[in-house]
Amino acid sequence: MKYHKIRNLEMKVCTAEQKIAYNMAFSAHISFQDRYDSAKKVSAICKADVLDQIVKHEMDCYGYTDKGRYDVDAIFAALRGGIEAYMDKPFIATSFEEIGAAFPANYL
């Protein structure tokens with residue numbers, strides 16, 4: 001995986017792929033929060049299934065607009081690493097540090 005630098009920001013703080021993952025999670029929160037909350041009440045398996053569907057949907061949507069500039073695998077890893085916590089407690093990020101902490105770049 002190849003992470004991309006955000007101008008004037010160290011990669012250990014946040015990468016472009018982590019920022020994209022946050023934007024996807026924000027979009028998923030708007031579209032899927034009710035479905036996620038319902039599944040969470042049923043069982044852990046239902047919750048995991050809905051999370052997988054959310055990630056697949058967001059990655060498919062990104063694939064339609066992707067010009068090949070950013071690493072899709074790195075975006076997937078960051079999104080998958082942070083989507084559950086984000087759906088449990090959504091927030092509006094005010095800094096790159098917040099995004100970097102919420103959507104980890106484990107393979108950096």
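Read-outs: derived from the displayed coordinates by stated rules, not from any lab. For clarity, every value in this text was computed on a predicted model and none was experimentally measured. Positions of Cβ are backbone-derived with ideal geometry, glycine not excepted, and every protein chain shown enters the neighbour counts.
One table, with the values for the structure above:
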{"quantity": "Test result for Met11, under 23 Å from Lys89 (Cβ atoms), surrounded by 11 or more Cβ atoms within 10 Å (Cβ to Cβ) and of a type in the set (A, V, I, L, M, F, W, C)", "calculated": "no"}
{"quantity": "Residue in segment 41-63 that is touching a residue at least 12 places away in the same chain (Cβ under 8 Å), closer than 26 Å to Ile6 by Cβ and over 14 Å from the mean Cα position of the chain (by Cα) present", "calculated": "no"}
{"quantity": "Close pairs (8 angstrom Cβ cut-off, 6 or more residues apart or separate chains): over 13 Å from Ile99 (Cβ atoms) and free of Cβ contacts under 8 Å to residues at least 24 places away in the same chain in segment 1-23, among the hydrophobic types (A, V, I, L, M, F, W, C) and assigned to a loop (DSSP other than H, G, I, E, B) anywhere", "calculated": "Lys5/Met11"}
{"quantity": "Residue ID - farthest from Ile99 (Cα to Cα), chosen from residues in segment 30-78 that are outside any helix (DSSP H, G or I) and touching a helix residue (DSSP H, G or I) at 6+ places or on another chain (Cβ under 8 Å)", "calculated": "Asp66"}
{"quantity": "Candidate set from segment 85-101 (those that are closer than 21 Å to Arg35 by Cβ and either part of a helix (DSSP H, G or I) or acidic (Asp, Glu) (or both)); member that is nearest to the chain's Cα centre (by Cα)", "calculated": "Tyr86"}
{"quantity": "Test result for Ser27, farther than 17 Å from Ile75 by Cα and among the polar types (S, T, N, Q)", "calculated": "no"}
